[in-house]
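Report on the following structure.
The values are calculated or read from the model by the stated rules, or taken from the named source; none is laboratory data. Since the structure is predicted, the reported quantities are computational estimates derived from the model, not experimental observations. Methodologically, a virtual Cβ is constructed for each residue, glycine included, from the backbone with ideal geometry; neighbour enumeration extends over all protein chains shown.
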Amino acid sequence: MDKLTLKAMAKINLGLDVVRRRPDGYHEVRMIMQTVGLYDRLTFEKRKEDTLQLESNMKRLPTDGNNLIIRAAALLKEEFGIREGLLIRLDKRIPVAAGMAGGSTDAAAALTAVNRMFGLGLTAAQLKERAVKIGADVPYCLQGGTALSEGIGEILTALPPAPACHVVVAKPPIHVSTKWVYQNLHLEEVAGHPDIDGMAECIRKGDYPGVAARLSNVLETVTVPRYPVIARIRDFLRENGADGALMSGSGPTVFALFDDRQRAQKALDALRETGLAAQTFLTGLAERTCVEQA
Ligand code: ATP
């Protein structure tokens, strides 16, 4: 196989709780992860020269070893002594530094591509062992769909697909550092924690109203007071017909769930008129994360 094009899907968090801060500085989380239909497109082409070259439509992204795509491909290339190279083209559509695991899903796609194109024969479990070295969310990005993520993100329990619905995604024109969010999370002051087990149970039962009612993210306690635009977008979507709305990951992206597409489109149109969001999308839930494109 000399050429492969993959769609790498983004994620949202239907629930996000932080259980404790470990002595090594990592945070133990309990998250309900969900793949959505918004994706980056990555094209991998074999090259005779022994180099990894990345081209991207987004000029401010690094194209060297600081890009997770290069890190992921280099990891396998070195371990397996691959002497050929790759030209990788990234068509970035997922908002960057937004809480949608855009970099992690690209890394998962790169691991998948190198494994397949060079016939390494790594199983899903073996790929996940390597994925966690690149980032805590990368193992989930390999698996995709609906899952409970625990530990630092590496302990994954697959859940049945969450009830189908329409998803409005809106990113305000601000940048939020994940590191800053975790540094400013004061767990001892958090009054109520998200009901992660209740959310998992609603998903298992296919209870859409239950899912929409339980959307909760403990990191909002940090970001919302500092960046009120997040709450303004979230509340606007709730007031404009969403069944539920929440910040994803460490933000600042907000998503809203709708069981009716027309209602979702209407809310999206109304949100666009406010100018609160810099990037907006209407998508749906997805069951797979890394999909080959002909
Ligand atoms: P998460 O939900 O895991 O916190 P995120 O959506 O907040 O992820 P990313 O979009 O993955 O954040 O990017 C965070 C940083 O990682 C960016 O500032 C960027 O410079 C760097 N980065 C490295 N590789 C990539 C990539 N392939 N796509 C996006 N960002 C990348």
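Annotations for the structure displayed:
- Residues that are aliphatic (A, V, I, L, M), surrounded by fewer than 24 Cβ atoms within 10 Å (Cβ to Cβ) and within 16 Å of the ligand (Cβ to nearest atom), drawn from segment 147-173: A147, I152, L156, V167
- Residue tally, condition within 16 Å of the ligand (Cβ to nearest atom) and without any contact (Cβ under 8 Å) to a residue 60 or more places away in the chain, over segment 208-225: 3
- Matching helices (runs of 4 or more DSSP H) fully within segment 35-146 where at least 3 residues are within 11 Å of the ligand (Cβ to nearest atom) and modelled with pLDDT of 95 or more: 68-79, 102-117, 138-143
Residue-wise test of (1) more than 16 Å from the ligand (Cβ to nearest atom); (2) over 28 Å from D106 (Cβ atoms); (3) at pLDDT 95 or above.
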| residue | (1), (2), (3) |
| --- | --- |
| P228 | yes, yes, yes |
| A231 | yes, yes, yes |
| E239 | yes, yes, yes |
| T253 | no, no, yes |
| A256 | yes, no, yes |
| A264 | yes, no, yes |
| A270 | yes, yes, yes |
| T274 | yes, yes, yes |
| T289 | no, no, no |
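- Within segment 158-182, residues that are without any contact (Cβ under 8 Å) to a residue 60 or more places away in the chain have Cβ atoms under 9 Å from residues that are within 12 Å of the ligand (Cβ to nearest atom) in these pairs: K179/S250; W180/S250, counting only partners at least 6 apart in sequence or on another chain.
- Output for segment 237-274, where each listed residue is assigned to a helix (DSSP H, G or I) and buried (at least 20 other Cβ atoms within 10 Å of the Cβ): L237, A264, A267, L268, L271
- All conditions but one from (1) modelled with pLDDT of 95 or more; (2) not in a loop (DSSP other than H, G, I, E, B) apply to K179; the one that does not is (1).
- Within segment 1-18, the set of residues being of a type in the set (A, V, I, L, M, F, W, C), touching a Lys or Arg at 6+ places or on another chain (Cβ under 9 Å) and either modelled with pLDDT under 95 or surrounded by 24 or more Cβ atoms within 10 Å (Cβ to Cβ) (or both) comprises M1, L6, A8, M9, A10, L14, L16.
- Residues of segment 1-34 satisfying the condition of being over 30 Å from E188 (Cα atoms) and either in a strand (DSSP E or B) or among the hydroxyl-bearing types (S, T, Y) (or both): K3, L4, T5, L6, K7, A8, M9, A10
- Yes/no for Q126 being crowded, with 16+ Cβ neighbours inside 10 Å and either farther than 26 Å from S56 by Cβ or touching a strand residue (DSSP E or B) at 6+ places or on another chain (Cβ under 8 Å) (or both): no
- Residue pairs meeting the criteria (Cβ under 9 Å; at least 6 apart or on separate chains; first under 30 Å from G15 (Cβ atoms), in segment 75-101; second aromatic (F, W, Y)): R93/Y39; R93/F281; I94/Y39; P95/F281; M100/F255; A101/Y140
- When R204, R234 are checked against the criterion of being within 23 Å of P160 (Cα to Cα), under 22 Å from the mean Cα position of the chain (by Cα), basic (K, R) and not in a strand (DSSP E or B), a single residue qualifies: R204.
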